[in-house]
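The values are calculated or read from the model by the stated rules, or taken from the named source; none is laboratory data. Because the structure is a prediction, the values reported are computed rather than measured. All Cβ positions, even for glycine, are placed from backbone atoms using ideal geometry, and neighbour counts span all protein chains on display. With ligands, DNA and RNA removed, areas are computed over all heavy atoms of the protein, side chains included. Shrake-Rupley method; radii C 1.70, N 1.55, O 1.52, S 1.80 Å.
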Amino acid sequence: MPPTRPLSAAHPLRGVRPLPGERAVPGGSGLPGGPAAGGPAVPGGRAVLALLAVLLAAGCGGTPAPTAGGTPAPPPAAGAPVPAVSGGPGTAEMTGIDLLFLSMMAGHTEQTLEIVRLVQDRLADTELRTLVAAIEVTEADELETARTWLAQAGRSARADDHTGHGTGPDQLARLRDAPDADVDAVLIEVLRAHQQAAADLARAHLAAGSDERVRDLARRVEQSRTAQVELMAARPAARG
């Protein structure tokens, strides 16, 4: 069994400034070690296809959710600009692919919060409880940021169908029904796969996105989820 790593001052949930409007987790909630700001991007068309491939692999980007009148809302065109939202000077207008990423990340983050809240009071490992508490605070802030940007662009976080996206109901039921002696290990297995999917989606958006604020959010998501996956990989997970 690989040795566990204590949460310390060098823990990956420390050290990166929060986004504007976010709360800082005590000790920090960001993660170092990801792609450098302003790194090279894959050419637009291929990058968009790469992101869409990740979305499809995760079960995302399916039939758009119905509007109030019952008619499915058309998804935004990948390269089509939308009305600019408030931001710093020089920020690009969000395109359809930026909005799709925000919408899908909002749905994924909602499920992350559901996962951690299912078991946060049942965990025996104190370091795992600390990790889960930090995830809850950080991702609640990220969800608020995504919802705010979507609303400013005139789009709802529910504009895209999230059916089949993220962790399935069978895994949630398994986590919910896990005996107390197994809940830590089951959470590690379920949450590790869930956070890896978020890292993959964010990494793809770094190549496909155009709005620098959204790309900065994707960079932070990729860094934090990757670090969380690595941390959980050093702890025992459930078998079978």
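If I filter segment 214-226 for residues that are in contact with a Phe, Trp or Tyr (Cβ under 8 Å, 6 or more places away or on another chain), open to solvent by less than 30 Å² (accessible area, probe 1.4 Å) and assigned to a helix (DSSP H, G or I), do I get at least one hit? Yes, there is a match, as at least one residue in segment 214-226 is in contact with a Phe, Trp or Tyr (Cβ under 8 Å, 6 or more places away or on another chain), open to solvent by less than 30 Å² (accessible area, probe 1.4 Å) and assigned to a helix (DSSP H, G or I).
Can you tell me which residue within segment 227-240, out of those that are part of a helix (DSSP H, G or I) and over 16 Å from Glu142 (Cβ atoms), is most open to solvent (accessible area, probe 1.4 Å)? That would be Glu230.
When you check Ala134 against the structure, is it farther than 19 Å from Thr95 by Cβ and of a type outside the set (Phe, Trp, Tyr), yes or no?
Details: farther than 19 Å from Thr95 by Cβ: yes; of a type outside the set (Phe, Trp, Tyr): yes.
Spelling it out, Ala134 is indeed farther than 19 Å from Thr95 by Cβ and of a type outside the set (Phe, Trp, Tyr).
Looking for something farther than 16 Å from Ala237 by Cβ and open to solvent by 20 Å² or more (accessible area, probe 1.4 Å) - is there at least one such residue anywhere in segment 178-188? Within segment 178-188 (the criterion being farther than 16 Å from Ala237 by Cβ and open to solvent by 20 Å² or more (accessible area, probe 1.4 Å)), the answer is yes, since at least one residue qualifies.
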